[in-house]
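Here the structure comes first, spelled out in structure tokens, and everything after it is commentary.
Nothing in this text is a laboratory measurement; each read-out follows from the coordinates by a stated rule. This one's a predicted model, so the numbers in the text were calculated from it and none came from an experiment. Cβ atoms come from the backbone with ideal geometry, glycine included; neighbour counts cover every protein chain shown.
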Amino acid sequence: MTLTPRGLPYPEPTAPVSAGANDIKALAQAIDPKLGQEFGYREIVAPVAVAGVAGAQTLVIPAIALTCDGTTAMLFEFFAPLGTTGAGGQLLFTLFEGSSAGLGLLGGMILTAGLGVPVHCQRRWAPPAGPHNFAVYAYVNSGSGNVSAGPGGAGNYDPAFLRITKA
């Protein structure tokens, strides 16, 4: 058996079939804990009214504290069962580091009054080394918006969440 530069086993091309099967099993067992490793998760179970505009955003998902190594790529995933705004309003979602450093728009929507859509935004990024606090904020261009969330179960919205995993 040979190891990759990251220490993962793989079968030799000349290995007998039976040895190759064992090597493939070892490879699967080595990869499994590394894929989708969750670094942080935070959810909310109540709706958030969004009235803030750019520069005065409304907190949607409170901060997740992480210490990053500066090289590991992470996947930041935000989900909410429903986002709504007034007629022609824009509801925009921003990933924040701390409470004042916006890292860019995760996503946004323009809706007709009375309509809403599920929200699912992702960003892949390797944060610089050191401690960080990641949160999701939202704002509207005018009027107000709403991010729906609930405890799940019959007749209830599912939670809204921010999940950070290894990319």
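Laid out as a table, the results:
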| item | result |
| --- | --- |
| Fully extended contour minus Cα-Cα distance, from S142 to N156, at 0.36 nm per residue | 2.2 nm |
| Per-pair calculated FRET efficiency, R0 = 30 Å: R124 and N22 via Cβ, rounded to 0.05 | 0.35 |
| Extension gain, T165 back to A87 (0.36 nm per residue minus Cα-Cα distance, nm) | 24.5 nm |
| Dipole magnitude of the range 38-166, debye to nearest 20 (Cβ charges: Lys/Arg +1, Asp/Glu -1, about Cα centre) | 120 debye |
| D69-T2 FRET efficiency (beta carbon distance; Förster radius 22 Å; 0.05 resolution) | 0.25 |
| Distance between the range 71-130 and the range 148-167 - C-alpha centres, whole angstrom | 14 Å |
